[in-house]
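Written out below as structure tokens is the structure these notes cover.
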Amino acid sequence: MERNEFAILTTDKSSRPNKIGRKKLSEREKKSFNDAKRLLPGGALGGNALAEKSKFVFSHGKGSRFWDTSNNEYIDYVLGSGTFFLGHSHPSIEKAIKDQIGHGAHFFAYLNELALDLAQRLEKIIPCAEKMRFTTSGSDATFHAIRLARAFKKRERIVKFEGAYHGGHDYVQMSTTPKNPLNFPNGSPDTSGIPRAVRELALICPYNDPSALEDLFKNYSGEIAAVIIEPIQRIIYPHDNFLQNVRDLCTKYGVLMILDEVVTGFRLGLGGAQEFFSIKPDLATYAKILGGGLPVGLVAGRADIMDQANPSNKGQPDYVYQNGTLQGHMLGCAAGIATLDVLEEDSRLYEKTFLMAEKLKEGLRKIFFDEGLNVLVFGEGPMWHMLFTETEPSNWRELLLADAKKMSLFEAELLHQGIFVLPGNRRFISIKHSEDDLEATFEATNRACKAIKKM
Ligand SMILES: Cc1ncc(COP(=O)(O)O)c(C=O)c1O
């Protein structure tokens, strides 16, 4: 690669003071660590605790940045695991939530106008959405989509791709991050506690390999209800036509296609991956951006499949139970409508955001090149990734070949310098990330490069 290929010129500014980064540790934050250790398993709220050396307690966020309780400032490329495409504390979302407070929050999944307003907006945006049901998370959505598919096809097996994540429930916690992958289609559970009978129902397939999928369809003929697939699998991009190949094979063999748009929905464009890749699944699942930061998920798709969840059929053998106390939550729906308003307001919003991501990737490539570090920077739309490797992986096993140890040292250093990235995973930018954020990111990355070269 020639140096002059890069549009952004970043000079070494490692001697300049940078206001972002982990610089101080308050008594308040230390106390929180001790309280967390006592009260929470592993001192963590969930499965993604930060490493001991780089952990901190979040205080508040605004736009592309957040602060910890020691008042250190960070640039956020995690964005609530991709929830805050509009940035933290977006004024339109805050207003929508404030306007609804005082008028009730939910009525146990009975009809309300806000949920219906949101559904009508989604009907126009989501290509496959003939009918839909709100859920309260992405996991909830994939769980119900799989149940609907199994009931519809009267079959029990599902195909899941190795390395894909579809949530925390037993149906999909298989071969999400297998360190020692088994022979296909055997999957390894990502958690203890999944009954063997459930584990055996997940057939694991390599991503980007349509012939492996077709073999599964032939070998398990009449047994597979659905294929569940991420249109972009974490940081692995579909080869040209792969998604269409999956669609065509599903149609040919009479298997349902569930497109998990929890990450891509409203991010690759208003119509998500369905619009971006021109693909129409039988069912699709959503969460994250949809609820504007509040717990809203969605299953949408073919009316004949969704209609199995008609409550007036309760007690009938073909009835599918799909319910949740908080479904159609009015604060969440208000935030969802406000999100769509912002996304629809400016016709160039996606274009501008994608351009910012391109500039970020270009600048990072230049830094790694100048520093002589073998880092691949890639990604589509508002997503970007980096790996210590030379070629972009096309499946989970290729991803395992990248240097994960170097990556985690580098990420710890980035975090220390004030750049918050989800370890080993995808990174997002929001509509609020600015040229200033990029410049500060380049400075911090420069420093992180120098630090890890000394290690
Ligand atoms: C593709 C995909 N599906 C499902 C989920 C589960 O969503 P949630 O964490 O809202 O349960 C996630 C979460 O990151 C996801 O990325």
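The values are calculated or read from the model by the stated rules, or taken from the named source; none is laboratory data. Computed from a predicted structure; not experimentally measured. Glycine gets a Cβ as well: all are built from the backbone with ideal geometry, and neighbour counts include every protein chain shown. Ligands, DNA and RNA are excluded from the accessible area calculation, which covers all protein heavy atoms including side chains. Shrake-Rupley method; radii C 1.70, N 1.55, O 1.52, S 1.80 Å.
Would you say residue 203 is in contact with a Lys or Arg (Cβ under 9 Å, 6 or more places away or on another chain), more than 16 Å from the ligand (Cβ to nearest atom) and either within 28 Å of residue 305 (Cα to Cα) or modelled with pLDDT of 95 or more (or both)?
Working: in contact with a Lys or Arg (Cβ under 9 Å, 6 or more places away or on another chain): yes; more than 16 Å from the ligand (Cβ to nearest atom): yes; either within 28 Å of residue 305 (Cα to Cα) or modelled with pLDDT of 95 or more (or both): yes.
Answer is yes for this residue.
If we keep just the residues of region 102-157 that are of a type in the set (Ser, Thr, Tyr) and touching a Ser or Thr at 6+ places or on another chain (Cβ under 9 Å), which is nearest to residue 80 (Cα to Cα)?
136
Within the set of pairs 6+ apart or on separate chains, which have a first residue in region 294-317 that is away from the ligand (no atom under 16 Å from the Cβ), a second that is of a type in the set (Ser, Thr, Tyr) and open to solvent by 10 Å² or more (accessible area, probe 1.4 Å), and C-beta atoms under 6 Å apart?
313/319
Report, by residue number, each residue of region 266-289 that is free of Cβ contacts under 8 Å to residues at least 60 places away in the same chain and open to solvent by less than 10 Å² (accessible area, probe 1.4 Å).
Residues satisfying the conditions are 273, 279.
Tally the residues that are touching an Asp or Glu at 6+ places or on another chain (Cβ under 7 Å) and either buried (at least 18 other Cβ atoms within 10 Å of the Cβ) or closer than 25 Å to residue 64 by Cβ (or both), restricting the search to region 370-387. It would help to see each step written out before you state the result.
Within region 370-387, the first condition is being touching an Asp or Glu at 6+ places or on another chain (Cβ under 7 Å), and the residues that meet it are 374, 376, 378.
Remaining after also requiring either buried (at least 18 other Cβ atoms within 10 Å of the Cβ) or closer than 25 Å to residue 64 by Cβ (or both): 376, 378.
Going through region 370-387 one residue at a time, the tally reaches 2.
Scanning region 260-276 for residues that are within 15 Å of the ligand (Cβ to nearest atom), among the hydrophobic types (A, V, I, L, M, F, W, C) and part of a loop (DSSP other than H, G, I, E, B), which turns out nearest to residue 341 (Cα to Cα)?
Among those residues, the one meeting the criterion is 266.
Go through region 158-190 and count every residue that is within 12 Å of the ligand (Cβ to nearest atom) and surrounded by fewer than 19 Cβ atoms within 10 Å (Cβ to Cβ).
2
Looking at (1) touching a Phe, Trp or Tyr at 6+ places or on another chain (Cβ under 7 Å); (2) more than 16 Å from the ligand (Cβ to nearest atom); (3) open to solvent by 10 Å² or more (accessible area, probe 1.4 Å), can you tell me which one residue 234 breaks?
Tallying (1) touching a Phe, Trp or Tyr at 6+ places or on another chain (Cβ under 7 Å); (2) more than 16 Å from the ligand (Cβ to nearest atom); (3) open to solvent by 10 Å² or more (accessible area, probe 1.4 Å), residue 234 fails exactly one: (2).
List, please: which pairs have Cβ atoms under 7 Å, are six or more places apart or on different chains, and start with a residue in region 169-184 that is free of Cβ contacts under 8 Å to residues at least 40 places away in the same chain and end with one that is within 13 Å of the ligand (Cβ to nearest atom) and among the hydroxyl-bearing types (Ser, Thr, Tyr)?
169/139; 176/165
How many residues does region 418-439 hold that are modelled with pLDDT of 95 or more and open to solvent by 30 Å² or more (accessible area, probe 1.4 Å)?
6
With the requirement that a residue be aromatic (Phe, Trp, Tyr), in contact (Cβ under 8 Å) with a residue 60 or more places away in the chain and within 16 Å of the ligand (Cβ to nearest atom), what does region 122-157 give you?
Once the filter is applied, which keeps residues that are aromatic (Phe, Trp, Tyr), in contact (Cβ under 8 Å) with a residue 60 or more places away in the chain and within 16 Å of the ligand (Cβ to nearest atom), region 122-157 yields only 134.
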